[in-house]
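Peer 1: Please read through the structure below; I'll follow up with questions.
The values are calculated or read from the model by the stated rules, or taken from the named source; none is laboratory data. Quick caveat: nothing in here was measured; it's all calculated off a predicted structure. Heads up, the Cβs are rebuilt from the backbone with ideal geometry, glycines too, and the neighbour counts pull from every protein chain shown.
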Amino acid sequence: MNPLLEVRELTKHFGGVLANDRIDLAVNAGELVGIIGPNGAGKSTLFELITGFAKPDRGAIRFDGRSLLGRSTYEINRAGIARTFQKMRLFLGMTALENVMVGAIPRMDDLGEVRARARECLAFVGLADREAMPARALSTGFRKRLELARALATRPRLLLLDEVTGGVDQRAIPALMALVRRLREEGVTVVAIEHNMRVVMDLCDRIVALHLGHVIADGPPAVVSGDEQVVRAYLGHAAA
């Protein structure tokens, strides 16, 4: 079986900084994969390259067997890839419903269908009763849900989540994790950048660890979390 997403030898420099260095990654349809690594490991850059927000210096990115190189962010989204952002990019002056409608509009011609799809996505993430609230009035946890709903409105096959639990009250994390599990049950393949190791261990089928732009481990959560290179990257040589 060919992977849904395949990244080969992906490399990206920002000036003198090597953000991604010959990264290889394959994600099969239906997987829930976690991407971990300390700050500066190259995690968000990887998402930027996959979704067309940045262009690689070298390497290949294929989705469902087709190259994504040279394609615009819009074209990549239309192909079936959506994402959320580490620093949320909501339209704060617009209502929750309007924010999600922005995601649905490119998929539908009829405004009534757009509104219905947006409400369906808001209900999925538990925000049906807040559709008329402006985004700026929502808590961080609800804003995370709103950004997730907007991404879902594009009907993705692959969803890239960039720290979906980051900055969220600890009491809200289990509900967010349950949402991600439901996504996979609905047939969406998920790749999630996450710093909370408890979340990664409980949620993911497989973990890919990055450090200084390299993949240093790739495997089941229990194996990767105990890998010497991973422990050293997070805690230093003494801990390893």
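Peer 1: Looking only at the range 104-127, how many residues end up being assigned to a helix (DSSP H, G or I) and either acidic (Asp, Glu) or more than 17 Å from residue 176 (Cβ to Cβ) (or both)?
Peer 2: So the first thing to find is which residues in the range 104-127 are assigned to a helix (DSSP H, G or I), and the list is 104-107, 111-124.
Checking which are either acidic (Asp, Glu) or more than 17 Å from residue 176 (Cβ to Cβ) (or both) leaves us with 104-107, 111-120.
Of the residues in that region, 14 qualify.
Peer 1: Check the range 162-178 and report whether any residue there is within 24 Å of residue 74 (Cβ to Cβ) and out of contact with any strand residue (DSSP E or B) (no Cβ under 6 Å at 6 or more places or on another chain).
Peer 2: Taking every residue of the range 162-178 in turn, at least one turns out to be within 24 Å of residue 74 (Cβ to Cβ) and out of contact with any strand residue (DSSP E or B) (no Cβ under 6 Å at 6 or more places or on another chain).
Peer 1: Then there's this: Which of the residues that make up the range 3-19 are under 17 Å from the mean Cα position of the chain (by Cα) and part of a strand (DSSP E or B)?
Peer 2: Answer for the range 3-19, where residues must be under 17 Å from the mean Cα position of the chain (by Cα) and part of a strand (DSSP E or B): 5, 6, 7.
Peer 1: Here's a follow-up. Could you look through the range 197-238, keep only residues that are basic (Lys, Arg) and surrounded by 14 or more Cβ atoms within 10 Å (Cβ to Cβ), and pick out the one that is nearest to residue 40 (Cα to Cα)? Let's see the steps before the verdict.
Peer 2: From the range 197-238, those basic (Lys, Arg) are 198, 206, 232; that's our starting set.
Still in the list and also surrounded by 14 or more Cβ atoms within 10 Å (Cβ to Cβ): 206, 232.
Numbers: 206: 21, 232: 15 Å.
Step by step, filter the range 197-238, then rank; the result is 232.
Peer 1: Going by the structure shown, is residue 101 over 24 Å from residue 30 (Cβ atoms), assigned to a helix (DSSP H, G or I) and touching a helix residue (DSSP H, G or I) at 6+ places or on another chain (Cβ under 7 Å)? Talk me through it step by step, then tell me what you get.
Peer 2: Working: over 24 Å from residue 30 (Cβ atoms): yes; assigned to a helix (DSSP H, G or I): yes; touching a helix residue (DSSP H, G or I) at 6+ places or on another chain (Cβ under 7 Å): yes.
So residue 101 passes the test.
Peer 1: Spot the failing condition for residue 23; the list is (1) closer than 12 Å to residue 211 by Cα; (2) exposed (fewer than 15 other Cβ atoms within 10 Å of the Cβ); (3) touching a helix residue (DSSP H, G or I) at 6+ places or on another chain (Cβ under 9 Å), and only one is missed.
Peer 2: Status for residue 23: all satisfied but (2).
Peer 1: Would you mind telling me which numbered condition in (1) at negative phi; (2) surrounded by fewer than 22 Cβ atoms within 10 Å (Cβ to Cβ); (3) of a type outside the set (Asp, Glu); (4) touching a residue at least 40 places away in the same chain (Cβ under 8 Å) residue 155 fails?
Peer 2: That leaves (1) as the condition not met.
Peer 1: Condition test on residue 180, is it more than 26 Å from residue 19 (Cα to Cα) and β-branched (Val, Ile, Thr)? Walk me through how you get there before you give the answer.
Peer 2: On the way: more than 26 Å from residue 19 (Cα to Cα): yes; β-branched (Val, Ile, Thr): yes.
Spelling it out, residue 180 is indeed more than 26 Å from residue 19 (Cα to Cα) and β-branched (Val, Ile, Thr).
Peer 1: Where the second residue is among the basic types (Lys, Arg) and surrounded by 14 or more Cβ atoms within 10 Å (Cβ to Cβ) and the first is within 15 Å of residue 206 (Cβ to Cβ) and lies in the range 222-234, which pairs have Cβ atoms under 9 Å and are six or more apart or on separate chains?
Peer 2: 224/206
Peer 1: With under 30 Å from residue 139 (Cβ atoms), modelled with pLDDT of 90 or more and either surrounded by 18 or more Cβ atoms within 10 Å (Cβ to Cβ) or not β-branched (Val, Ile, Thr) (or both) as the only criterion, which of 160, 176 stands out? Outline the logic, then answer.
Peer 2: Working: 176 fails: modelled with pLDDT of 90 or more.
Answer to the selection: 160.
Peer 1: Same structure again: Please specify each residue of the range 182-196 satisfying the condition of being without any contact (Cβ under 8 Å) to a residue 40 or more places away in the chain and either surrounded by fewer than 14 Cβ atoms within 10 Å (Cβ to Cβ) or charged (D, E, K, R) (or both). Talk me through it step by step, then tell me what you get.
Peer 2: Residues of the range 182-196 without any contact (Cβ under 8 Å) to a residue 40 or more places away in the chain: 183, 185-186, 188, 196.
Result: 185, 186.
Peer 1: Does residue 171 count as surrounded by fewer than 23 Cβ atoms within 10 Å (Cβ to Cβ), outside any helix (DSSP H, G or I) and basic (Lys, Arg)?
Peer 2: Details: surrounded by fewer than 23 Cβ atoms within 10 Å (Cβ to Cβ): yes; outside any helix (DSSP H, G or I): no; basic (Lys, Arg): yes.
Here the answer is no, as residue 171 does not meet what is asked.
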